[in-house]
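The values are calculated or read from the model by the stated rules, or taken from the named source; none is laboratory data. Computed from a prediction, not measured in an experiment: that's the story for all the values here. Here Cβ is always computed from backbone atoms with ideal geometry, including for glycine, and neighbour counts include all displayed protein chains.
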Amino acid sequence: MPRIKRKRAALPTLNYTRRGFRLKDGRLHLAGGIVLTVVWSRELPSDPTSVRVYRDSLGHWYASFVVAGETQPLRATDAVLGVDWGVRETATTTSDAHDLPHAQHGKTAAQKLARYQRMMARRKPAKGQPASRGYRQARAQAAKVYKKVARQRQDTARKWAKRVVRDHDAIAVEDFRPRFLSKTTMIRKAADAAIGATKRALIEMGRKHGRDIRLVHPAHTTMDCATCGARTKHALPLAERTYTCTACGAISPRDKNSARVMLVRAGLDPAGAEGVGPAGPLVREAA
Ligand SMILES: [Zn+2]
């Protein structure tokens, strides 16, 4: 169920459009005579049309500018890629050099997180009472751990996305929707979060560089044969790692089959996949 967003519980955020802010000598001037010294994470590519000043869960303030996007085209590679998301491997692709193993970022953090969450539970304020200092401290610590994991995930995702987008003209991706977020084990939740971050990074990177990213509906991708298109009667159990087609006899690793199904469904030619151009195994050594 969606949770109601309460104004007093929400983090502070301020929006300014063109008339409400001004940049001068690297400083941000806001309406009402407020001047902020900004630590720039990068140059602004063009004049911003608006800015959002907000505080995150760690108490850090950010200024986020809206600028007109510009595509930075990359040279054509004549290669295409199919991507299937999973638990063991965040991304299994039609090119062995572009598979992304699950980075396990949440693993060490999970223990710490559990500890702070226990502290929060112990120090939980009674209904209608303000939170104690101890509770607020534990909450801040938990938020910090959480944020760190999220940043590590994003970093891994962006690096992978950059490589994938550089090496392929068109990419067919499973349009994954988190299935396990509110249920089952920590492993599944972590895998879901990693897939979410990676998919976001890939779409963003594809748009930035003018590549063709096609989202494929995830239904039956584990049941179809990438070679002949036949569908098995039952979904493969998760433990079954090999796909064997009863119609044409094709045998392939389960996730590789799914990745190829993505290509076929997106209308891309599987002949453009595997070992073409810079996608070869040599690149993997250098990466
Ligand atoms: Zn087949």
**Study point:** Given (1) assigned to a helix (DSSP H, G or I); (2) crowded, with 17+ Cβ neighbours inside 10 Å, index of the condition ARG200 fails
**Key:** (2)
Exercise for review: Could you please find all residues in the stretch 96-108 being surrounded by fewer than 17 Cβ atoms within 10 Å (Cβ to Cβ), under 20 Å from the mean Cα position of the chain (by Cα) and not polar (S, T, N, Q)?
Suggested key: PRO101, LYS107
Revision key, fill the gap. Residues of the stretch 6-20 being among the hydrophobic types (A, V, I, L, M, F, W, C) and within 15 Å of TYR62 (Cα to Cα), in sequence order, are LEU11, LEU14
Check your understanding: Among the strands (runs of 3 or more DSSP E) confined wholly to the stretch 1-85, which include 2 or more residues that are in contact (Cβ under 8 Å) with a residue 60 or more places away in the chain?
Key -> 80-85
Review point. Does any residue in the stretch 241-270 that is hydroxyl-bearing (Ser, Thr, Tyr) and part of a helix (DSSP H, G or I) come within less than 6 Å, Cβ to Cβ, of a residue that is at pLDDT 90 or above and crowded, with 18+ Cβ neighbours inside 10 Å six or more places away or on a different chain, and which pairs are these?
Key: SER258/ASP84
Exercise for review: Determine, yes or no, whether ALA193 is more than 16 Å from the ligand (Cβ to nearest atom), of a type outside the set (D, E, K, R), in contact with a Pro (Cβ under 9 Å, 6 or more places away or on another chain) and not in a loop (DSSP other than H, G, I, E, B).
Suggested key: yes
Check your understanding: In the stretch 48-95, how many residues are touching an Asp or Glu at 6+ places or on another chain (Cβ under 8 Å) and loosely packed, with under 12 Cβ neighbours inside 10 Å?
Key -> 2
Review point. Quick check, is GLY277 surrounded by 14 or more Cβ atoms within 10 Å (Cβ to Cβ), modelled with pLDDT under 85 and more than 13 Å from the ligand (Cβ to nearest atom)?
Key: no
Check your understanding: Considering the stretch 229-239 alone, what residues qualify as being modelled with pLDDT of 85 or more and either more than 15 Å from the ligand (Cβ to nearest atom) or part of a strand (DSSP E or B) (or both)?
Key -> ARG231
Exercise for review: Would you check if there is a residue in the stretch 149-156 being of a type in the set (Ser, Thr, Tyr) and touching a helix residue (DSSP H, G or I) at 6+ places or on another chain (Cβ under 6 Å)?
Suggested key: no
Point to revise | Top-ranked residue of the stretch 240-267 - restricted to ones that are under 24 Å from the mean Cα position of the chain (by Cα) and within 13 Å of the ligand (Cβ to nearest atom), ranked as farthest from HIS98 (Cα to Cα) | key: VAL264
Revision key, fill the gap. Checked GLY210, GLY206 against criteria (in a loop (DSSP other than H, G, I, E, B), modelled with pLDDT of 85 or more and away from the ligand (no atom under 16 Å from the Cβ)); the one match is GLY210
